[in-house]
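The structure under discussion appears below in the form of structure tokens.
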Amino acid sequence: MASELKNDRFIRASLRQAVDVTPVWMMRQAGRYLPEYRETRKRAGSFLNLCKTPELACEVTLQPLKRYPLDAAILFSDILTIPDAMGLGLNLVEEVGPQFDSPVRTAGEIKALSVPDPESDLGYVMNAIRLIRKELDGSVPLIGFAGSPWTLATYMVEGGPSKEFGLVKGLMYDDPESMHHLLGVLADSIILYLNAQIAAGVQAVMIFDTWGGILTTTSFQQFSLHYMQKIVSQLNRQYDGHVIPVILFTKGGGDWVKDIATTGCDAIGVDWTKNIGIVRKEVGDQVALQGNLDPCVLYASPEVIQQEVAAVLESYGRGHGHVFNLGHGIHPQIDPENVAVFINAVHELSGQYHI
Ligand code: CP3
């Protein structure tokens, strides 16, 4: 029996169907800008404990929805759960970011990796999804996610965040065969992981290709897009009588949207550096678009936030197929009051584009 959603604007817009107003959610909507998140994080003891305790992951997933009329929830987790399950040993170091105890840098280390089993190795994620679905009770859809193979590879090879990506790009140029092997294992892992998330109850999935934009056009196609396409082609796109929209987000991928649209995804996430109306002209009616307010707009006054929201709506223009979002994650320093201004502005100003 298919479960019905009370608010399905996000799903409808992702599939380019008619909506009354433009749906909106925010990347990193459950996070440190919320005092209640910081409180739960403290109680959890560590970021990983928070991710691995379904009751706490559920609690923080729901926190932004209690404050704002968001049109979707996103699972609280992290893209680095897969390398963690592969045995790399993930730690989140304050002021530094994620770090792996055992990065993979040699052909031998790459060959030794195996695909994690989603239910036994990442069961905490599936348990969180089942709990969140129960608590949401059909109010809004739940988005599941994974990192792209390339983006996960950057963290696994560098061992943590990087500015220049010398190790991972060096490996790509010097030993493309090993790099393709790594990306293949990651793609297979992500396919199983996202299909398990869908079976557990997520109603849309998003792939975060945060570091696709550091590649040349040719290497983006070979080392990132090719593997995202493989994932898109093997996801269960129908579940429980509903279509599961698939969103691909390559940060810095504005020049490549036409290629990204050919993967068969339903929607493309767009960062703030490119005008969303121009992107819409380029992709035509192939896909929906998600984005793309500059996250730094939320540092400004309510008047400026409203103007900038209006400008993004106007750039996209009339008609369906727009999911409003920031062009990347919300910053931890943002005042939660400004988020309310942003979310309300999208709903209040977008009705005229859907008549
Ligand atoms: O969007 C959401 O609200 C859902 C939760 C979510 C997190 N990470 C929680 C998180 C999602 C979707 C992610 C994805 C993620 N994780 C990405 C891709 C999205 C993007 O932002 O480009 C990446 C690159 C990561 C890897 C990662 N995890 C980094 C670089 C960091 C540290 C950066 C930082 O903000 O400190 C994390 C930790 C992390 N993941 C935090 C949160 C809320 C901060 C943890 C904390 O200190 O409480």
Residue hits (segment 345-355; open to solvent by 40 Å² or more (accessible area, probe 1.4 Å) and either among the acidic types (Asp, Glu) or under 22 Å from the mean Cα position of the chain (by Cα) (or both)) are GLU348
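Here are VAL232, VAL246, VAL202, VAL270: which of them is over 14 Å from the mean Cα position of the chain (by Cα) and under 24 Å from ARG28 (Cα atoms)?
Numbers: VAL246 fails: over 14 Å from the mean Cα position of the chain (by Cα); VAL202 fails: over 14 Å from the mean Cα position of the chain (by Cα); VAL270 fails: over 14 Å from the mean Cα position of the chain (by Cα).
Of the residues listed, the single one that is over 14 Å from the mean Cα position of the chain (by Cα) and under 24 Å from ARG28 (Cα atoms) is VAL232.
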Are any residues in segment 44-63 more than 10 Å from the ligand (Cβ to nearest atom) and over 21 Å from ILE82 (Cβ atoms), and if so, which ones? GLY45, GLU55, GLU59, LEU62
Condition first: touching a Ser or Thr at 6+ places or on another chain (Cβ under 9 Å) and charged (D, E, K, R). Can you find one or more residues in segment 177-186 that meet it? no
Just to verify a result, which residue in segment 20-43, among those that are more than 10 Å from the ligand (Cβ to nearest atom) and either under 30 Å from ILE355 (Cβ atoms) or of a type in the set (A, V, I, L, M, F, W, C) (or both), is farthest from the chain's Cα centre (by Cα)? ASP20
Filter segment 64-98 for residues that are more than 10 Å from the ligand (Cβ to nearest atom) and not in a helix (DSSP H, G or I) and give the result. TYR68, PRO69, LEU70, ASP71, ALA72, GLY89, ASN91
Being touching a helix residue (DSSP H, G or I) at 6+ places or on another chain (Cβ under 6 Å) and under 22 Å from ILE11 (Cα atoms) narrows SER178, SER148 down to just SER148
Say we look at segment 124-172 and pick out the residues that are among the β-branched types (Val, Ile, Thr) and outside any helix (DSSP H, G or I); which of these is nearest to the chain's Cα centre (by Cα)? ILE143
Among the numbered criteria (1) within 22 Å of GLN203 (Cα to Cα); (2) in contact with a Pro (Cβ under 9 Å, 6 or more places away or on another chain); (3) among the hydrophobic types (A, V, I, L, M, F, W, C), which one does LEU289 miss? (2)
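Determine whether LEU75 is hydrophobic (A, V, I, L, M, F, W, C), more than 30 Å from ASP20 (Cβ to Cβ) and touching a residue at least 24 places away in the same chain (Cβ under 8 Å). So that I can check it myself, show each step before the final result.
Details: hydrophobic (A, V, I, L, M, F, W, C): yes; more than 30 Å from ASP20 (Cβ to Cβ): no; touching a residue at least 24 places away in the same chain (Cβ under 8 Å): yes.
Taking the combined requirement at face value, the residue does not satisfy it.
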Which condition from (1) farther than 26 Å from ILE191 by Cβ; (2) within 13 Å of the ligand (Cβ to nearest atom) is the one that ALA153 breaks? (1)
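Conditions tested, residue by residue: (1) of a type outside the set (Gly, Ala, Ser); (2) at pLDDT 95 or above; (3) touching a helix residue (DSSP H, G or I) at 6+ places or on another chain (Cβ under 6 Å).
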| site | (1), (2), (3) |
| --- | --- |
| ILE268 | yes, yes, yes |
| ASP294 | yes, yes, no |
| SER315 | no, yes, yes |
| GLN333 | yes, yes, no |
| ALA340 | no, yes, no |
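Take LEU136 and decide whether it is open to solvent by less than 60 Å² (accessible area, probe 1.4 Å), in contact (Cβ under 8 Å) with a residue 60 or more places away in the chain and within 15 Å of the ligand (Cβ to nearest atom).
Numbers: open to solvent by less than 60 Å² (accessible area, probe 1.4 Å): yes; in contact (Cβ under 8 Å) with a residue 60 or more places away in the chain: yes; within 15 Å of the ligand (Cβ to nearest atom): yes.
Yes.
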Before we move on, is ARG43 open to solvent by 50 Å² or more (accessible area, probe 1.4 Å) and closer than 25 Å to ALA288 by Cβ? no
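Within segment 28-63, which residues are among the aromatic types (Phe, Trp, Tyr) and assigned to a helix (DSSP H, G or I)? Working first, answer last.
Initial filter on segment 28-63 (among the aromatic types (Phe, Trp, Tyr)): 33, 37, 47.
Within segment 28-63, TYR37, PHE47 qualify.
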Filter result for ILE231 (modelled with pLDDT of 95 or more, part of a strand (DSSP E or B) and crowded, with 20+ Cβ neighbours inside 10 Å): no
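The values are calculated or read from the model by the stated rules, or taken from the named source; none is laboratory data. A quick note: this is a predicted structure, and the numbers were derived from the prediction, not measured. Virtual Cβ from ideal backbone geometry, glycine too; neighbours counted across all protein chains shown. Note: accessible area is taken over every heavy atom of the protein model, side chains too, but ligands, DNA and RNA are not part of it. Shrake-Rupley method; radii C 1.70, N 1.55, O 1.52, S 1.80 Å.
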